Amino acid sequence: MEIVMLGAPGTGKGTVGKLLSKEFEIPHISMGEIFRSYCKKHTKLALEATKYMNAGTLVPDEITCKLIENRLNEEDVEKGFILDGFPRNVEQADKLQEILAKKGKEINIVVHLSLPDDEIIDRISKRRTCPNPECREIYNLEFRPPKEEGICDLCGSKLIIRSDDNEETVRKRLKTFHETSEELIEYYKKQALLYTIKLNKESNVTTMGVAEEIRSYFE
Ligand code: AMP
């Protein structure tokens with residue numbers, strides 16, 4: 001089962017991805033998480049990637065594609081994966097197909113979560129993240145608060161606000177997303193892989209609702 005999650009930052013790709021990962025017993029692979037671990041290294045490339053992340057722009061494809069290829073070649077991916085945050089442009093989408101083709105695999109579905117920018121900015125301002133690399137649970141102070149304020153329900157770590165979750169960087173990340181996503185959405189629409197779920201306030205669709213919808217797609 002090869003699932004790609006597409007959507008702007010803050011649309012809930014990570015939360016839905018984690019739920020589905022437990023349900024389907026396949027890894028949730030977040031490109032942003034891969035970068036956050038990678039950037040802790042003090043290599044030249046890691047420092048370069050950090051510059052792009054802090055600016056809210058895309059890390060060059062050369063670094064990104066190499067990291068994702070390594071991850072997709074790991075053993076736990078044999079049964080499938082939920083890919084979150086990759087691809088983010090058509091060049092990366094081509095690269096993904098090339099990597100999968102080598103393994104005799106192809107994408108089953110591209111889930112596109114769509115939410116207006118003003119709602120995204122509001123959501124991200126309420127996002128809290130567990131910094132424990134083994135956990136990385138995501139909370140929202142309004143929709144999914146931790147049981148104890150500021151503490152991760154799962155591992156007890158002190159929750160943080162991600163350094164790129166400030167409004168200025170979020171606006172840049174959204175701009176970056178809109179610049180590259182239209183072409184990518186068309187790319188997957190043409191391949192009849194795109195499954196769009198609208199998440200605006202009126203639609204009242206929750207994270208659980210999205211996970212449920214994707215689950216029933218595979219039944
Ligand atoms: P995310 O956690 O998905 O919002 O990603 C955080 C940051 O990591 C982004 O703002 C980018 O700088 C970088 N990043 C994540 N995924 C990609 C990608 N597919 N291509 C290039 N940069 C990425």
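Here are the numbers:
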read-out	value
Conditions (1) more than 16 Å from the chain's Cα centre (by Cα); (2) surrounded by 15 or more Cβ atoms within 10 Å (Cβ to Cβ); (3) within 13 Å of Leu6 (Cα to Cα): number failed by Thr169	(3)
Test: Thr176 is among the β-branched types (Val, Ile, Thr) and within 30 Å of Glu106 (Cβ to Cβ)	yes
Candidates Glu182, Glu142, filtered to the one that is in contact with a Lys or Arg (Cβ under 9 Å, 6 or more places away or on another chain) and surrounded by fewer than 14 Cβ atoms within 10 Å (Cβ to Cβ)	Glu142
Residue ID - surrounded by the most Cβ atoms within 10 Å (Cβ to Cβ), chosen from residues in the range 192-202 that are touching a residue at least 40 places away in the same chain (Cβ under 8 Å) and either closer than 22 Å to Glu2 by Cα or not polar (S, T, N, Q) (or both)	Leu199
Hits in the range 111-122 - residues which are surrounded by 21 or more Cβ atoms within 10 Å (Cβ to Cβ) and more than 20 Å from Leu83 (Cα to Cα)	Ile120
Residue list for the range 65-90, filter: in contact (Cβ under 8 Å) with a residue 40 or more places away in the chain and among the aliphatic types (A, V, I, L, M)	Leu72, Val77, Ile82, Leu83, Val90
Residues of the range 176-191 that turn out to be within 23 Å of Met53 (Cβ to Cβ) and in contact (Cβ under 8 Å) with a residue 60 or more places away in the chain, as a count	7
Any hit, the range 104-117, residues being closer than 18 Å to Met31 by Cβ, within 13 Å of the ligand (Cβ to nearest atom) and not hydrophobic (A, V, I, L, M, F, W, C)	no
Those residues of the range 133-183 which are at pLDDT 90 or above, among the hydrophobic types (A, V, I, L, M, F, W, C) and either closer than 14 Å to Ile121 by Cα or not in a strand (DSSP E or B) (or both), in sequence order	Cys135, Leu141, Cys152, Leu154, Cys155, Leu159, Ile161, Val170, Leu174, Phe177
Residue ID - nearest to the ligand (Cβ to nearest atom), chosen from residues in the range 55-64 that are within 17 Å of the chain's Cα centre (by Cα) and in contact (Cβ under 8 Å) with a residue 60 or more places away in the chain	Leu58
Residue tally, condition over 21 Å from Ser216 (Cα atoms), charged (D, E, K, R) and away from the ligand (no atom under 14 Å from the Cβ), over the range 8-52	2
Number of the exception - Val170 against (1) under 27 Å from Met53 (Cα atoms); (2) without any contact (Cβ under 8 Å) to a residue 60 or more places away in the chain	(2)
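Each row is one residue, and each column tells you yes or no for (1) modelled with pLDDT of 95 or more; (2) out of contact with any Gly (no Cβ under 6 Å at 6 or more places or on another chain); (3) in a strand (DSSP E or B).
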| site | (1), (2), (3) |
| --- | --- |
| Lys79 | no, yes, no |
| Ile82 | yes, no, yes |
| Phe86 | yes, yes, no |
| Gln92 | yes, yes, no |
| Lys95 | yes, yes, no |
| Val110 | yes, yes, yes |
| Ile120 | no, no, no |
| Pro131 | no, yes, no |
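The values are calculated or read from the model by the stated rules, or taken from the named source; none is laboratory data. Note that the structure is predicted; figures quoted are calculated from it, not measured. All Cβ positions, even for glycine, are placed from backbone atoms using ideal geometry, and neighbour counts span all protein chains on display.
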